[in-house]
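Notes follow the structure.
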Amino acid sequence: MTNTLNGWEVPLTLKRIKQSIIDGDSVKTEEIINFQGVFQPLRDDQLQFKPEGQRSWSWYWIHAKAGTLNLQTQDKIEFQGTRYKVMSVKDYSLYGYIEYQVILDYE
């Protein structure tokens, strides 16, 4: 099952954006991450499981080979010039991949 994404994945690059407070100043750091995976919109049937107020949000899936991306819930990322926020992480590493659900970040 470790070949689950073979044939579907492509090389992708995103930026992980972290903000921290150092000596009272806000400091933003960016980390470039290259990985093999799939970036796609959430299917309509998956949106039906979201609370009613969240169904109109722009939801996306990222499927990445296990161990290549390592994002956490609430992380901010940038993909192709657009910022997103990680809303959920599902570990399917027994099958060779991790699933992330992200939304557009309007900050």
Is one or more of the residues making up the range 69-87 in contact with a Ser or Thr (Cβ under 9 Å, 6 or more places away or on another chain) and of a type in the set (Val, Ile, Thr)? yes
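Mind listing just one residue for me: the one in the range 85-107 that is among the small types (Gly, Ala, Ser) and surrounded by fewer than 15 Cβ atoms within 10 Å (Cβ to Cβ) and, of those, farthest from GLY67 (Cα to Cα)? Write out each step before concluding.
Keep residues of the range 85-107 that are among the small types (Gly, Ala, Ser), which gives 88, 93, 96.
From what is left, the residues that are surrounded by fewer than 15 Cβ atoms within 10 Å (Cβ to Cβ) are 88, 93.
Details: SER88: 16, SER93: 8 Å.
Going through the qualifying residues, I end up with SER88.
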Out of (1) over 16 Å from THR13 (Cβ atoms); (2) in contact (Cβ under 8 Å) with a residue 24 or more places away in the chain, the one LYS65 does not meet is (1)
Is it true that some residue in the range 28-38 is among the small types (Gly, Ala, Ser) and surrounded by 17 or more Cβ atoms within 10 Å (Cβ to Cβ)? yes
Somewhere in the range 28-45, is a residue of a type in the set (S, T, N, Q) and over 16 Å from the mean Cα position of the chain (by Cα)? yes
I'm trying to understand the selection: among the residues of the range 85-107, which are farther than 14 Å from GLN40 by Cα, in contact (Cβ under 8 Å) with a residue 40 or more places away in the chain and not aromatic (Phe, Trp, Tyr)? LEU94, GLY96
Does ARG16 qualify as being part of a strand (DSSP E or B) and within 10 Å of the chain's Cα centre (by Cα)? yes
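Could you run through the range 39-60 and say how many residues are at pLDDT 85 or above and surrounded by fewer than 17 Cβ atoms within 10 Å (Cβ to Cβ)? I'd like the intermediate steps shown before the answer.
Of all residues in the range 39-60, those at pLDDT 85 or above come to 39-41, 59-60.
Then drop every residue that is not surrounded by fewer than 17 Cβ atoms within 10 Å (Cβ to Cβ), which leaves 40-41.
Matching residues across the range 39-60 total 2.
The values are calculated or read from the model by the stated rules, or taken from the named source; none is laboratory data. Predicted, not measured: the structure shown is a model, and the values here were computed from it. Note that each Cβ is placed from the backbone with ideal geometry, even for glycine, and that neighbours are counted across all protein chains shown.
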